[in-house]
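These notes concern the structure reproduced below.
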Amino acid sequence: MHWPELFARAPTVDREAIESALSTRRDRAEKTASAAVDPSEKVTDPRESQPVCVVADADVLVADLCGDGDASAALESLWQHAWTTLVASDDLLADAEAVIETVADNDLATDWRTAIDSWREPVVHPPGDHPALASAYRGGAMHLLSFNTGLTGAQAGATLSGQFPVSVRSPAAFAQLFVPDRLYGTVADDSYPGPDREPRSA
């Protein structure tokens, strides 16, 4: 399944509907969270923070699929540069998949999950942790993209900065700050070669 096909099948959904579905999903998860980790999975030890590692919360992942320009611009920048890393736990992707089932249909959600699984770098965190924050902490992501003002606000930023080095921004704010030719120097010694993947809309 290719990204252009997924985008063509996805309905246009506004952020409010996505946020509502995600909030409902996570409220239910909090009430049913298990106190134990699946013994078949080992919790990922926190990795060294890297500026090329990014987490997109479930709302941004769904908005990207459903035609939100800000979400798509931010994630497209990452996609076209294979030396960046999109970090996500199974819990985070399960949230996004459930929201897609709610705002679209099960088949699209399943196919999207297959596509995103081939892109993301997985991490495992304890049950009950916030999926996006825990993914960033465990995966060494210095950037977290979210539409949730509770995460992007100054108070949340001050709290998080005292725990681990992560910057939580809206997709639009991240897209403005993402300068590939400068960031490339943190992972390679040669000159910036430009995007190394075709656009997902190709």
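For every residue, the table says whether it meets (1) at pLDDT 95 or above; (2) over 23 Å from residue 122 (Cβ atoms); (3) touching a Lys or Arg at 6+ places or on another chain (Cβ under 8 Å); (4) of a type in the set (A, V, I, L, M).
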{"residue": "17", "(1), (2), (3), (4)": "yes, yes, no, yes"}
{"residue": "20", "(1), (2), (3), (4)": "yes, yes, no, no"}
{"residue": "30", "(1), (2), (3), (4)": "no, no, no, no"}
{"residue": "63", "(1), (2), (3), (4)": "yes, no, yes, yes"}
{"residue": "73", "(1), (2), (3), (4)": "yes, yes, no, yes"}
Practice task
Could you check residue 119 against (1) touching a strand residue (DSSP E or B) at 6+ places or on another chain (Cβ under 9 Å); (2) surrounded by 19 or more Cβ atoms within 10 Å (Cβ to Cβ) and say which number it fails?
Solution key: (2)
Handout entry: Complete set of residues in the stretch 100-111 that are under 21 Å from residue 28 (Cβ atoms) and either of a type in the set (Asp, Glu) or within 14 Å of the chain's Cα centre (by Cα) (or both)
Key = 101, 105
Exercise for the section: Identify, by number, the condition in (1) farther than 18 Å from residue 22 by Cβ; (2) in contact with an Asp or Glu (Cβ under 8 Å, 6 or more places away or on another chain) that residue 112 doesn't meet. Expected result: (1)
Practice task
Output the residues belonging to the stretch 51-80 that are touching a Pro at 6+ places or on another chain (Cβ under 9 Å), surrounded by 21 or more Cβ atoms within 10 Å (Cβ to Cβ) and not in a strand (DSSP E or B).
Solution key: 57, 58, 60, 63, 64, 66, 68, 71, 72, 74, 75
Exercise for the section: Answer yes or no as to whether residue 24 is surrounded by fewer than 22 Cβ atoms within 10 Å (Cβ to Cβ), over 13 Å from the mean Cα position of the chain (by Cα) and closer than 22 Å to residue 126 by Cβ. Expected result: no
Exercise for the section: Can you give me the ranges of the strands (runs of 3 or more DSSP E) entirely in the stretch 86-173 with at least 1 residues that are among the charged types (D, E, K, R) and in contact (Cβ under 8 Å) with a residue 60 or more places away in the chain? Expected result: 121-123
Problem - Condition met for residue 188 (in a loop (DSSP other than H, G, I, E, B), modelled with pLDDT under 90, surrounded by fewer than 14 Cβ atoms within 10 Å (Cβ to Cβ) and not basic (Lys, Arg)) - result: no
Completion exercise
Checking 90, 105 in turn, the sole residue that is surrounded by fewer than 22 Cβ atoms within 10 Å (Cβ to Cβ), closer than 24 Å to residue 20 by Cβ and in contact with a Pro (Cβ under 8 Å, 6 or more places away or on another chain) turns out to be 90
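The values are calculated or read from the model by the stated rules, or taken from the named source; none is laboratory data. Since the structure is predicted, the reported quantities are computational estimates derived from the model, not experimental observations. So basically every Cβ, Gly included, is an ideal-geometry build from the backbone, and we count neighbours across all protein chains shown.
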